[in-house]
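Worksheet for the structure shown next.
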Amino acid sequence: MLQVDQLTTADSKVSLQDISFQFDAGNIYTILGRTGAGKTELLRALMGLNPLVEGDIQLDGQSIAKRPVKDRSMSLVYQQFINYPHLSVLDNVAFPLRRQGKRKAEAQSLAAKMLTTVGLGDFVQRRPAQLSGGQQQRVALARAMVKKSRILMLDEPLANLDYKLREQLREEFPRLVAGNDDSIILYTTTEPREAMELGNTMIVMTDGRIVASGPPAALFAHPPTKDAASVISDPPISFISGFVRSGALYFGEGQLAPNNGLQLPPDGPVTIALRPDAIEPGGAFNATIGLSEFSGSETIVHLDFDFGRAIMLVEGIETFEAGTRLSVSIQAEHLMLFASDGQNITIRTK
Amino acid sequence: MNKFYHILKTLFLFGWSLFVVFPFLWALTTSFKDANAITSGATYIPWVDYEPSTQGWSSLFTTGSQGINIVGPFIDSAAVTLIASLVSLALGTLAAYGLSRFEYRLGFVKNSDITFFFISQRIMPPIVLAIPFFLMLKELGALDTIFGLVLVYIALLLPIAVWVMTDFFAGIPKELDEMAMTDGCSPIGAFFRVVLPNSVPGLVVAGMFCLIFGWNDFFFAFTLTFTETQLLPVSIVSLNSSVTPWWSLSAFALISVAPLACVAVIVERYMSRGTMSGAIR
Amino acid sequence: MLSSKHFFLLPALLTLVAIILFPLLFTIRVSFSSWDVFQSGLDYIGGKNYGRVFEDDRFWQSLGRLSMLSLSSVSLQYTLGFALALAVWKQVRGGRLLRVLFLIPMMTTPVVMSVIWRTVFHESLGPANDILRMFGIGAVPWLSSANGAFISVLIVEVWQWTPFMFLLLLAGLVSLPREPYLAAAIDGAGTWRTFWQVTFPLMAPITIGAVIIRLIEASKIMDTVYVLTSGGPGTATETSSYYIYIRGLRDFQIGYSAALSLVYLVIMIVSLTVIAKVLLRLLVGKVG
């Protein structure tokens, strides 16, 4: 078990602010956050690569915050395909085993096995520079896993790969890292879908802090704060200021908003969050179409309402002409309410 | 217009090539002359303008009063240059790595100041240090010895090694070192096992420059050695000031510069690969 | 408390400090004494030596000569070196041979080459005048006239060090990005314009580095002058290093030469720093 207490660092770019968390063995934790949220900082602080200003790290009850990097039983896979250029693929993976004191023959045989697991059995004698990006990352992954460290950390490992390759490796990922009930896996990413797919526990970070953690589906359905909500959604959630009065919900200056199934808070200002799938063509609300773009097999449309801007997600590829008016409906099931302090106060009554 | 540039370019390259080889060709042909060949002005082509003789060359390898010994100075030059270059390269590489990876602080002095300190040693004209070095080596009993000269040359060549390697290491991502550490290397281990094997181009360039500036030094060898230790540049200058025939001088000169001319081939290989630009910024 | 980071830096730092600290301190101390061939020993005469330096016309003239020599030779080296680098840059046929050939001069020992050049510039027996006579131009008093001597030194310097510029500039050219050139071609820029608008600005940082390095090394010139002209005829090619050498190691005015050395060192550091800053502003300001 990895226990992190009040971890604080001081860096010119992003500092960790008082991070406390408990990681349990046998789990895959995905850490989600925008660029600059502190995800990499967290991994590096755990690894010992960035110094701590405050806080402690305990592995199985023993404090390791003062241990040198090489004694921490952790592995790291970087975003930028880091492999040893001067060694063959086989020696790359055998490297940590040799440092552990294993004989060359034994190290190489273990390395060969791991390389077969990641699908690179035929490439053992090549140099990393001769491999494609995806293959290089597999080498890095094999090397990280071969030493069976307690903690395996991957820092946006697929970010530098092309779309198709990312999808493919994402699918393979569970199989690749299977068979480690004893270890803890930390996987950082900026993509909400990736975070929700790969982990059984999701941690959301903003500005060096953890703002939410829990099972991905639950977090997605009910993000605890506005910050967390904006990170977890892709395409982005739209926030509209509104208010509650006499048991009804209003957008902006006073347009009535749907609220079936929602328990409304007492009268007062409230922030209404619209998920992209909350809006559908055909309905009571009028908006001007701004930008529209395609993403995969969906269309994202930016809409200009009287009360603010929102984003609509539509299945399939459809053309929406900028500048024209469109009537849409807004579904209350995909609507969330946030108080002025950012807390999620959505309560559904069904 | 293109044709014009092309012709201009070819002429230019041809002209410059001629200019470059001229002294060598002249020395070569002169080395095969004897007293008869230079009585009435410059002569160029053997057998046509004059009768060639091997007097110049053979005199280099005869010791004793008639001969000019080139073997001794050659060995001394080689010894001093190689030892000083190796030491400078080793120490300089370590220092450059440290400066590129760690943060040093001594009061208000920080990394860039330390690097500047190393590199600014090159501004120091040899004159400034010549006499003090003389006295210092005298105290150490190291005047006219290979050891004394090596000591002085290290001070000359260290800045060069630091200069080249600092830029080179800046181009090696720190993540590589970090990866080595997560794989079980200490910081020193990471340097020797991972960074160093990937530093060969930089080491070659730095080593070349050390060899060049070491082998070609004249002034310090001149002021700090006399009879026991004789380096090639000093030998040829003393030959030049005494009555030494041109053919011996020319032969001596050619042998002196031959070794480093071979180095040019190696440097060219690294230069055209584009690996030098990192070392030179 | 020694950690691994000290292991890396300290050996080199301590070695360098150990070797040059004493000499430097000694020079400073002895510059305040009157140590010369008549009386050896460290007495104290205050700043008398320095006063003498400021009134030493010969010294200041040598600085003037040095500046002229360095600035003209470095400019020539830069221009020629750049032209050579450009000419050889894309050359495929024989390119390798040319590159190796053009590098060789800088690998040679300056004194050794000066010995050879001395025979070349010999006024009656040397090929320089011989070839000039063949072309109908008369003999030039290479080493026996003030201007001739200056030019001989200049020629030797250019021969010796243009390869250095060539090396640095070619290395820089080889690693230039291609995109600006594609853009220029699309815009229909000719060779000359492409050079001024694209190549030269992109090479600005290397230009500055190369020029500064060469100026630093050129300011120390001693070997060539020693062999080729011995500072002469008269003092026509007497550079500052040579003059300090005369005072120090020939006249044995150790105290005075120490003062000269230090004044010279300070002037060098200041002027080189100023030149570096000016070049930076000129060239990088133009790009930015």
Over chain B, what is the mean sequence separation of C-alpha contacts under 8 Å (at least six apart), divided by residue count, expressed as relative contact order in percent? 27
Whole-Hz couplings from phi, Karplus 6.51/-1.76/1.60, listed for region B:155-166; x for Gly and Pro: 4, 6, 8, 3, x, 5, 4, 4, 4, 5, 6, 4
Determine the dipole magnitude for region A:2-226: charges of +1 sit on the beta-carbon of Lys and Arg, -1 on that of Asp and Glu, nothing else is charged, the reference point is the Cα centre, and the result goes in debye to the nearest 20. 900
GluC sites (Glu not before Pro) lying in DSSP loop within region A:246-350, provided at most 10 other Cβ fall within 10 Å: A:GLU253, A:GLU321
What's the local net charge at C:LYS48, with K and R +1, D and E -1, over the other residues with C-beta under 14 Å away? -3
Under DSSP loop assignment and at most 12 Cβ neighbours within 10 Å, longest GluC sites (Glu not before Pro)-free interval of chain B: B:104-227
Ranking A:ILE184, A:THR30, A:THR206 by how far each Cα lies towards the positive end of the charge dipole of region A:2-226 (+1 on Lys and Arg Cβ, -1 on Asp and Glu Cβ), the top one is A:ILE184
Starting from the 7 Å offset along Cα-to-Cβ, what nm value, one decimal, do you get for the label separation of A:PHE21 and B:LEU25? 7.4
Any idea which of B:ALA27, B:ILE172, B:TYR44 is furthest toward the positive side of the dipole for the protein assembly as shown, if Lys and Arg beta-carbons carry +1 and Asp and Glu beta-carbons -1? B:TYR44
Which of the chymotrypsin sites (Phe, Trp or Tyr not before Pro) found in region B:87-151 are in a DSSP loop and have at most 13 neighbouring Cβ atoms, other than their own, within 10 Å? B:PHE108
Region A:1-80-region B:18-32 distance, computed between alpha-carbon centres (Å): 68
Expressed in nanometres to one decimal, the distance between label points 7 Å along Cα→Cβ at B:SER58 and C:ASP187 is 6.9
Using only Cα atoms, tell me the angle between helix C:95-107 and the longest principal axis of chain C; keep it within 0 to 90° and round to the nearest 10. 10
Can you list, largest first and rounded to whole Å, the semi-axes you get for region C:28-102 by taking the square root of 5 times each eigenvalue of its Cα gyration tensor? 50, 16, 9
Round to a whole angstrom and tell me the spacing of the C-alpha centers of region A:331-350 and region C:134-178. 80
Dipole of the protein assembly as shown, Cα-centred, from +1 at each Lys and Arg C-beta and -1 at each Asp and Glu C-beta, to the nearest 20 debye? 1500
What is the sum of charges around B:VAL80, taking Lys and Arg as +1, Asp and Glu as -1, for the other residues whose C-beta is under 14 Å from the C-beta of B:VAL80? -4
Which of A:LYS70/A:LYS102; B:LYS9/C:LYS220; A:LYS66/B:LYS174; A:LYS13/A:LYS226; B:LYS138/C:LYS5; A:LYS13/C:LYS277 have a Cα-Cα distance over 25 Å? B:LYS9/C:LYS220; B:LYS138/C:LYS5; A:LYS13/C:LYS277
When the Karplus curve 6.51 cos²θ - 1.76 cosθ + 1.60 is applied with θ = phi - 60°, which whole-Hz ³J(HN,Hα) does each residue of region A:181-189 get, with x for Gly and Pro? 6, 8, 10, 10, 10, 10, 10, 9, 7
Quickly estimate the mean residue ellipticity at 222 nm for chain A, helices only: each DSSP H run with n ≥ 4 gives -39500 (n - 2.57), and the total goes over all residues, rounded to 500. -7000 deg cm²/dmol
17 Å Cα-Cα reach of C:LYS90 towards aspartates and glutamates, excluding residues that sit fewer than 8 places from it in its own chain: B:GLU268, C:GLU179
Give me a comma-separated list of calculated 3J(HN,Hα) values for region B:258-270, in order, Karplus coefficients 6.51, -1.76, 1.60 applied at θ = phi - 60°, integers in Hz, x for any Gly or Pro. 4, x, 6, 4, 5, 4, 4, 4, 5, 4, 4, 4, 6
Considering only the protein assembly as shown, percent of DSSP beta bridges that pair antiparallel, nearest 5: 75
Directionally averaged projected area (convex hull, Cα atoms, the protein assembly as shown), nm²: 51.5
Dipole magnitude of region A:116-262 about its Cα centre, charges +1 at Lys/Arg Cβ and -1 at Asp/Glu Cβ only, in debye to the nearest 20? 420
Between helix B:111-120 and chain B, what is the angle of the helix's C-alpha long axis to the longest principal axis, kept within 0 to 90° and rounded to the nearest 10? 10
Divide the volume of the convex hull of the Cα atoms of chain C by its number of residues and quote the answer in cubic angstrom per residue. 213
Pick out, in residue order, every one of the trypsin sites (Lys or Arg not before Pro) in region A:42-84 that is DSSP loop and has at most 11 other C-beta atoms within 10 Å; say none if there are none. A:LYS66
Quickly estimate the mean residue ellipticity at 222 nm for chain B, helices only: each DSSP H run with n ≥ 4 gives -39500 (n - 2.57), and the total goes over all residues, rounded to 500. -22500 deg cm²/dmol
Label point 7 Å beyond Cα of C:THR79 along Cβ direction - residues of region C:164-184 with amide nitrogen under 17 Å: C:165-166
Tilt of helix B:126-140 relative to the longest C-alpha principal axis of chain B, in degrees (0 to 90, nearest 10)? 80
Which residues in region A:50-88 place their backbone N less than 15 Å from a point set 7 Å from the Cα of A:ASN160 along the Cα-to-Cβ direction? A:76-86
With a Förster distance of 35 angstrom and the Cβ-Cβ distance between A:ARG127 and C:LEU10, calculated FRET efficiency to the nearest 0.05 equals 0.50
Relative contact order [Cα under 8 Å, 6+ residues apart], chain C, whole percent: 29
By DSSP, what percent of the beta bridges with both residues in region A:116-218 are antiparallel, rounded to the nearest 5? 50
Using only Cα positions of chain A, each an equal point scatterer, no hydration layer, compute I(q)/I(0) via Debye at q = 0.07, 0.08, 0.10 Å⁻¹ and quote the log10 values to two decimals. -0.38, -0.49, -0.71
May I ask for the net charge around B:PHE102, where only other residues with Cβ less than 12 Å from the Cβ of B:PHE102 are counted and Lys, Arg are +1 while Asp, Glu are -1? +3
FRET efficiency, A:ALA284 to A:ARG309 (Cβ-Cβ, R0 22 Å, nearest 0.05): 0.75
CD proxy at 222 nm, helix term only [per DSSP H run n ≥ 4: -39500 (n - 2.57); per residue of chain C; nearest 500]: -22000 deg cm²/dmol
For region A:2-226, build the charge dipole from Cβ charges (+1 Lys, Arg; -1 Asp, Glu) around the Cα centre, then report which of A:ALA45, A:LEU87, A:MET153 sits farthest towards its positive end. A:LEU87
Percent of Cα-Cα distances greater than 17 Å, calculated over region B:171-236: 60
If each residue's Cβ is checked for other Cβ atoms within 10 Å, how do A:SER292, B:SER256, C:SER261 rank with the fewest at the top? A:SER292, B:SER256, C:SER261
Beta bridges by DSSP in chain A, antiparallel share as percent, to the nearest 5: 75
Please give the Cα centre distance for region A:262-280 versus region B:46-95, rounded to the nearest Å. 89
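We did not get these values from a lab; they are worked out from the coordinates using the rules stated. Keep in mind that this is a model prediction, so the values were computed, not measured. All Cβ positions, glycine included, derive from the backbone under ideal geometry; neighbour counts span all protein chains shown.
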